Amino acid sequence: MKCFKCNSDKIASIGAKCSDLCSFSFDGLEKDGYVPTDVGIGGGDYVEFDYCLNCGQIQGKFPIDSPYMGNGYCPECGDNIADKYDNQFECSCGWIGNESELITKNAANNIKNDLSSDDVDFLNKEIELGTDPDFWN
């Protein structure tokens, strides 16, 4: 193998198992956990990459899109979804999908507000019915 930047054949391979003890930061955001799969350094339990000992260039396919840093929200309930597994996102409400289906924080707040107002409307209706004498007969 030759370096794609300087054409040197002095390529070193790195492999390390860190399981869920990886720290990763990008664009002011930090994430602790498993190795991200979308940044060219391995993924899951393992850090794995090749780099050139001549120029220091990490070998791989670049440029890489911005990695997912846990700032997407569930389109069903509005909760923040911090992790993905095998390129699938799972929410505690049961929703499963991919990154393109995640929504922004503002949209999530709108969903939460809608859910809250629906809950309040429902509770108000229950209270109205509960105080209606015909409700109990």
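Out of the residues in region 1-45 that are of a type in the set (S, T, Y) and part of a strand (DSSP E or B), state the one that is modelled with the highest pLDDT.
S13
Restricting to region 46-76, and then to whatever is closer than 21 Å to S23 by Cβ and of a type in the set (S, T, Y), can you tell me which residue is modelled with the highest pLDDT?
Checked region 46-76; the qualifying residue modelled with the highest pLDDT is Y51.
Return a yes/no flag: does region 77-90 have any residue that is hydroxyl-bearing (S, T, Y) and either modelled with pLDDT of 60 or more or more than 30 Å from D38 (Cα to Cα) (or both). Outline the logic, then answer.
Narrowing region 77-90 to residues hydroxyl-bearing (S, T, Y): 85.
This time we only want the ones that are either modelled with pLDDT of 60 or more or more than 30 Å from D38 (Cα to Cα) (or both), so: none.
No, because not a single residue in region 77-90 is hydroxyl-bearing (S, T, Y) and either modelled with pLDDT of 60 or more or more than 30 Å from D38 (Cα to Cα) (or both).
The values are calculated or read from the model by the stated rules, or taken from the named source; none is laboratory data. These numbers were taken from a predicted model, which means no experiment stands behind them. Positions of Cβ are backbone-derived with ideal geometry, glycine not excepted, and every protein chain shown enters the neighbour counts.
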